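No value in this document is a laboratory result; all are computed from the given coordinates. The model shown is predicted, which means the values in this text are computed figures rather than measured ones. Note that we place each Cβ from the backbone using ideal geometry, even for glycine, and neighbour counts take in every protein chain shown.
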Ligand code: AMP
Ligand code: ZN
């Protein structure tokens, strides 16, 4: 069992995850892990209409300890027959039973904002010292990639669709990242395509700020503008069936065509002219420029036209994601064994993205790819995925040294002079007594 902390960006999240010994499971038990606690507090960034690192930092500092205190009250009670270590005085029940102590503490070490990471890492070191248990300071991107394995281990009722055994592909589409990752084993990941400018979530948030009417923007409870933009461009009631009326381009040539959607403007697809080399890159900034250009040309733009513009940007951005999946499968013969694509990150909750990816890949003859969209609470930043990563690294025999520092950059595939997950130092073989 581990207590896990995530503070890399603007979400302060804590989880308690217990993995069950497979031999101890009863034959009819389907779950291999239990999430005893999982909560997050997102900093309020409405004033700046986007994440302000200092506001996020202060929110971690104000909220983390309280969230951990709450989490401790969800630790399972120790059975009388059990002799495992306990934490005293944390919400004992009426019979005076104590709660089981986590076997280790997991925390996000990077990549992310250094001071924000430090709030979590220093707190985790303190807990590990006080409880005299190992510390696992793990990679946030590895955690996103392993999320579907966590989901498989949890109760069957939240299962999406099957366990991705290695190897598999992950398309990580969040506010800070856009990358296509090939995961071969716990610590072996290669980045097949990555953004060269902004993340897709950032593009969508910016376009939302340009396109959404003020009453919608101003009335928002948070800065998840992507969700608002989706609701704006595809207005519907929950039960109403959505017909996207989307046809995927049949060829590369067709993909590069600029479509007039009925208002006299058309938007150029990203990386309009690209050679073989940049099939490993994403670029989204051109789409934002195009939106600004149309808005400048059309000062009196109405709501329907704003919707059409938002929808066209989404279509092009999502097709752009799909082009690199197809390119990767064509360029890398070693991917022939891969039959699972996991789509993770906040943007993965977009229903139109699901539709575009499915239709596009089918159109390009990729029929047998199993596309998994983990539930949004596990694919935006969260401590449950961090807990799971700790679980897998612990089982593989690793723990972190107490002198490890937060890492702003920590590529999963060892680019830029950094040697991947295990190559950054701060890891040691776990001592047997734990
Ligand atoms: P993350 O960085 O993984 O926490 O995800 C946050 C990002 O996901 C932000 O850029 C959000 O605007 C974006 N996002 C969340 N929901 C949606 C949605 N339904 N459509 C598009 N983007 C979304
Ligand atoms: Zn993330």
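A few notes on this one:
- From helices alone, the chain scores -11000 deg cm²/dmol at 222 nm; the rule is -39500 (n - 2.57) for each run of n ≥ 4 DSSP H residues, then divide by the residue total.
- Per-residue Cβ neighbour rank within 10 angstrom, fewest leading, 9, 404, 379: 404, 9, 379
- On Cα atoms only, tilt of 200-211 relative to the major axis of the chain in degrees: 50
- Of 245, 350, 116, the one that fluctuates the most in a GNM where the chain has Cα springs shorter than 10 Å: 245
- Inter-part distance where the stretch 42-80 and the stretch 177-251 are each reduced to a Cα centre, Å: 25
- The chain, relative contact order [Cα under 8 Å, separation at least 6], %: 21
- If the chain linking residue 266 and residue 422 were pulled fully straight, counting 0.36 nm for each residue of separation and taking away their Cα-Cα distance, it would gain 51.5 nm.
- Spin-label model distance (nm) - residue 247 vs residue 188, 7 Å beyond Cα toward Cβ: 4.4
- Residue 370 versus residue 21: modelled label distance in nm, points set 7 Å from Cα along the beta carbon direction: 3.0
- Take the Cα of residue 215, step 7 Å toward its Cβ, do the same at residue 34, and the gap between the two points is 4.9 nm.
- Length added when fully stretched, residue 81-residue 401, from 0.36 nm per residue minus Cα-Cα: 111.9 nm
- Three-way shape call for the stretch 290-404 based on the alpha-carbon gyration tensor, with the a/c threshold at 1.5: oblate
- Extension gain, residue 48 to residue 257, is 71.6 nm, computed as 0.36 nm per intervening residue step minus the present C-alpha separation.
- Spatially, the stretch 288-326 and the stretch 353-409 are offset by 28 Å when compared through their Cα centroids.
- In whole percents, the pair-distance distribution calculated for the stretch 172-284 from its alpha-carbon pairs, binned every 5 Å from zero, is 2, 9, 13, 15, 20, 18, 12, 7, 3, 1, 0.
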